[in-house]
């Protein structure tokens, strides 16, 4: 245990130091100058502070007031040594933050016992502080593990949806990364970008309610089938809605509104402009771009350049112009995520997948006749 002793009297310092160091595992640092003692106290974490009242330049009360402003010393025992036993001095010291007083006239066993009790108090305070620090670490670790499991559950659920019409689930991951890139380009807070990356994969969770015969139909959907597919947005909201999880609530917002259009012609509610949640406006660009550049049972894949032209052409109609501009501003990153640069893409993917990296690749199992 480390104790700080501040007293301008060499005789008193020697006396108190001897009594303190007579106790097991107590190391004392002493100063005659209160300013020097205060400076060292800000650089070291002492467990007990003993300070004289009458000192030049700075008295004990001023010293205690200054020391209590240092975060570490909010609970550390601070003892004032004084020959002045007046109530006014003691009240002023208490107001400044003194824990106890020691009368300079104390002798023998009384002084030894008082110091020993203060040392035990300081040890108890230190132990409590260490336990609090340990508990903070345990809580932080538990919350981190909980967040990791929440993230993994989201990705596995999104893979279950994607597994129905995609062999690897890459669409889910690419939409997540494209969305994160657009959010970053819009200068959204890092936590917002991260949450969007984690929530975006559930944008099509409502498709679990769409029959395979419609979802995987190789040809053009008829009006009745298209109306059925459109219900996936509202279904997604019902599946994910009313959650206490911030991520799931964000995913519900995206699932419901990612097919809304800037000009109000989208579904399910026909929202327009900024009435559409920003998260959904971002995912809309990411989802459509990846749909255009990916082969589906009912269409071939479009080139990246042609798909970009389509996105630009729909700015102000289908898409939020600010989101389109942000998407275009990060075009090199979009190309990497889309696999247009294989070497860079592999490096980029290794650094960006986090929870996705814990999920195995899914391959569609096709029964052979």
* **Those residues of segment 265-308 which are in contact with a helix residue (DSSP H, G or I) (Cβ under 6 Å, 6 or more places away or on another chain), closer than 13 Å to residue 253 by Cα and assigned to a helix (DSSP H, G or I), in sequence order** => 279, 280, 281, 282, 283
* Asked: Does residue 357 satisfy being under 28 Å from the mean Cα position of the chain (by Cα), at pLDDT below 95 and either assigned to a helix (DSSP H, G or I) or farther than 18 Å from residue 200 by Cβ (or both)?
  -> yes
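For the subset of segment 235-248 comprising residues that are in a helix (DSSP H, G or I) and within 18 Å of residue 268 (Cα to Cα), which member is nearest to the chain's Cα centre (by Cα)?
Kept after step one, since they are in a helix (DSSP H, G or I), are these residues of segment 235-248: 235-240, 246-248.
Keeping just the survivors that are within 18 Å of residue 268 (Cα to Cα) gives 235-240.
Numbers: 235: 30, 236: 26, 237: 26, 238: 28, 239: 26, 240: 22 Å.
Looking at residues that are in a helix (DSSP H, G or I) and within 18 Å of residue 268 (Cα to Cα), I get 240.
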* Asked: Counting just the residues of segment 28-57 that are assigned to a loop (DSSP other than H, G, I, E, B) and over 11 Å from residue 7 (Cα atoms), which one comes out modelled with the lowest pLDDT?
  -> 57
* To do: Spot the failing condition for residue 12; the list is (1) part of a helix (DSSP H, G or I); (2) free of Cβ contacts under 8 Å to residues at least 40 places away in the same chain, and only one is missed.
  => (2)
* Asked: Wholly within segment 79-198, which helices (runs of 4 or more DSSP H) include no fewer than the required count, namely at least 1 residues that are not assigned by TED's automatic domain parsing to the domain that holds residue 61?
  -> 108-162, 170-185
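For every residue, the table says whether it meets (1) buried (at least 16 other Cβ atoms within 10 Å of the Cβ); (2) farther than 17 Å from residue 204 by Cα.
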{"position": "244", "(1), (2)": "no, yes"}
{"position": "250", "(1), (2)": "yes, no"}
{"position": "257", "(1), (2)": "yes, no"}
{"position": "263", "(1), (2)": "no, yes"}
{"position": "282", "(1), (2)": "yes, no"}
{"position": "287", "(1), (2)": "yes, no"}
{"position": "296", "(1), (2)": "no, no"}
{"position": "325", "(1), (2)": "no, yes"}
{"position": "328", "(1), (2)": "yes, yes"}
* Asked: Taking the stated definitions as given, is residue 321 under 33 Å from the mean Cα position of the chain (by Cα), over 21 Å from residue 227 (Cα atoms) and either at pLDDT below 95 or surrounded by 17 or more Cβ atoms within 10 Å (Cβ to Cβ) (or both)?
  -> no
* Is there a residue being within 21 Å of residue 235 (Cα to Cα), out of contact with any helix residue (DSSP H, G or I) (no Cβ under 9 Å at 6 or more places or on another chain) and in a helix (DSSP H, G or I) anywhere in segment 201-213? -> yes
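The values are calculated or read from the model by the stated rules, or taken from the named source; none is laboratory data. Keep in mind that this is a model prediction, so the values were computed, not measured. FYI the Cβ positions are ideal-geometry reconstructions off the backbone, even for glycines, and counts take in every protein chain you see.
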